Amino acid sequence: MNPWLTRKPLAGAIGLICLSVLSIVASASAQVPAAPVIPAQERQPGPHGRTASEISGVDLSKWQGEVDFPAIKAAGRSYVFIKATQGAREVDPNYRRNISDARKAGLAAGSYHFYMTNESPEAQFVHMSTNVSLLTGDLPPVVDIELLSRNTLQKPASELKLFLSLLEKKYRVKPIVYSGESFANEYLAGFSGFPLWLAEYNKDRAPKLPLDWKRWTFWQHTQSGTVPGVSGKVDLDRFNGTRRQFRALLVRFSGNGRSRSSAESG
């Protein structure tokens with residue numbers, strides 16, 4: 001999911017970032033499902049290399065071109081994360097078509113924003129909230145934070161916290177944080193109250209968690225997967241929980257027209 005951005009040298013930024021993180025009050029712990037115990041008889045390979053009980057999906061952006069979402073659904077995938085916005089100005093040119101087609105195909109659809117640490121969190125919030133609307137059955141919105149941009153602002157951790165709080169207030173659901181273990185260990189102390197979508201590419205049955213999290217919700221386990229409906233390589237993801245837990249994570253609308261996840265509403 002990396003755009004072609006240059007990582008800022010870390011040595012000069014670490015002190016400022018650590019100070020800003022220490023000043024942040026950690027959010028209340030989110031109800032993230034624990035890893036399920038899969039009976040041996042359910043661990044047989046399913047279609048396209050998955051186990052029978054695995055709740056799997058893909059994530060994509062304009063780089064995948066035209067996508068056949070019914071084919072993704074027919075291949076046994078349950079959900080798709082779709083890039084919506086980046087920074088305070090960019091909208092993925094395929095977003096609106098992709099999100100509409102994914103919903104029509106019966107996939108749980110999630111929209112993600114690529115967060116830029118050198119742009120105002122308020123401006124990025126206005127940009128994302130202008131372009132992303134949630135419907136019943138969608139996944140919560142996602143904030144992709146995986147590197148420091150050039151000219152990163154003075155307090156990136158506190159500014160990210162502000163962005164997440166604005167999203168939560170707007171959409172009435174706790175956003176998901178996407179990051180890698182190494183980056184999260186350095187910069188995301190105090191964010192474990194948000195569900196984690198972890199990028200880690202190994203052949204193990206579970207990823208290595210960042211220090212601040214005790215559980216993961218989604219795991220992007222490869223950047224070079226294949227799935228019917230997508231030309232070329234694509235990111236593949238796994239959900240950490242049961243079908244019931246997955247359904248509880250999905251957004252639904254309450255009587256006042258505001259979105260909530262079933263998990264939050266009880």
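The values are calculated or read from the model by the stated rules, or taken from the named source; none is laboratory data. The shown structure was predicted, so the numbers you read here are calculated from the model rather than taken from an experiment. Counting neighbours? That spans all protein chains shown, and the Cβs are built from the backbone with ideal geometry, glycine included.
Data table
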| item | result |
| --- | --- |
| Test for L167: is it modelled with pLDDT of 95 or more, closer than 24 Å to H127 by Cα and touching a Phe, Trp or Tyr at 6+ places or on another chain (Cβ under 7 Å) | yes |
| Selection status of L164, touching a residue at least 12 places away in the same chain (Cβ under 8 Å), in contact with a Gly (Cβ under 8 Å, 6 or more places away or on another chain) and either within 26 Å of R238 (Cα to Cα) or of a type in the set (D, E) (or both) | no |
| Residue in the stretch 156-168 that is under 20 Å from G57 (Cβ atoms) and among the hydroxyl-bearing types (S, T, Y) present | no |
| Test: V67 is touching a helix residue (DSSP H, G or I) at 6+ places or on another chain (Cβ under 7 Å), assigned to a loop (DSSP other than H, G, I, E, B) and over 21 Å from L164 (Cβ atoms) | yes |
| Filter pass, G225 being on the phi > 0 side of the Ramachandran plot and more than 17 Å from the chain's Cα centre (by Cα) | no |
| Qualifying residue in the stretch 150-164 (condition: out of contact with any helix residue (DSSP H, G or I) (no Cβ under 8 Å at 6 or more places or on another chain), modelled with pLDDT under 95 and either under 29 Å from K214 (Cβ atoms) or surrounded by fewer than 18 Cβ atoms within 10 Å (Cβ to Cβ) (or both)) | yes |
| Tally of residues being of a type in the set (S, T, Y) and crowded, with 22+ Cβ neighbours inside 10 Å across the stretch 95-113 | 2 |
| Helices (runs of 4 or more DSSP H) enclosed by the stretch 95-210 - at least 2 residues per element that are closer than 22 Å to R247 by Cα | 95-104, 156-171 |
| G137 touching a strand residue (DSSP E or B) at 6+ places or on another chain (Cβ under 9 Å), of a type outside the set (S, T, N, Q) and closer than 18 Å to S179 by Cα | no |
| Answer from K203, K214 - the residue that is at pLDDT below 95 and basic (K, R) | K203 |
